[in-house]
């Protein structure tokens, strides 16, 4: 039963991707995009608890050329949204009228959820994140491990596969991962453009990664 549901979900996803590709090609053929002024549109995936705290610390060290910033949080995550508003209001005292937005998508996987059911919930999350990512069309996706980042990064990857836009994916593994990667990290290690770790042991185990020391 789980196999049939997964197969059905895959077929529906393929149909949606094809429809999205046709719609975007037709939409873009009738207009010319304005030239960029040097700013970098950033899509940030926030997770509950420590993930959001770490990603906001990282954002605090970025230059103001990263604008606008679009945040994605899980639909049930109220804590992260409050932290983001607080963080951006602090920035407003330094940068006038910071440009940011917050968007919600369904959780891809709950703690302790089985693999078979998490596949279906991840597909469900992709149904929401793919049109959103295609609409925002960020230049760069930045994430640090919450499960919500998997469907978002896959959506960004699909934009490039379908020739819509190449989106750079930067994954920063959490500072608490000393000996092994998180579940999201083990998956996105193979798809991210830049995979950053904060402990030398992880660099030894995963040669594709970039070791920069502690950055958050």
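Annotations
- Label reach from residue 204 (point 7 Å along Cα→C-beta): in region 168-189, amide nitrogens under 20 Å belong to 173-182, 186.
- Under 17 Å from the residue 183 label point (7 Å along Cα→beta-carbon), backbone N, region 135-176: 144-154, 174
- Once the Cα-Cα distance is subtracted from the 0.36 nm per residue extended length, the residue 85 to residue 61 segment shows a gain of 6.9 nm.
- Packing rank of 203-210, 50-57, 151-158, where each peptide gets the mean count of other beta carbons within 10 Å, highest leading: 151-158, 50-57, 203-210
- Approximating the spin labels as points 7 Å out from Cα along Cα→Cβ, the residue 76-to-residue 191 distance works out to 2.3 nm.
Just so you know, all these numbers are worked out from the coordinates, no wet-lab data involved. No experiment lies behind these values; they were computed from the predicted model shown. Please note: Cβ atoms are built from the backbone with ideal geometry, for glycine as well, and neighbour counts cover all protein chains shown.
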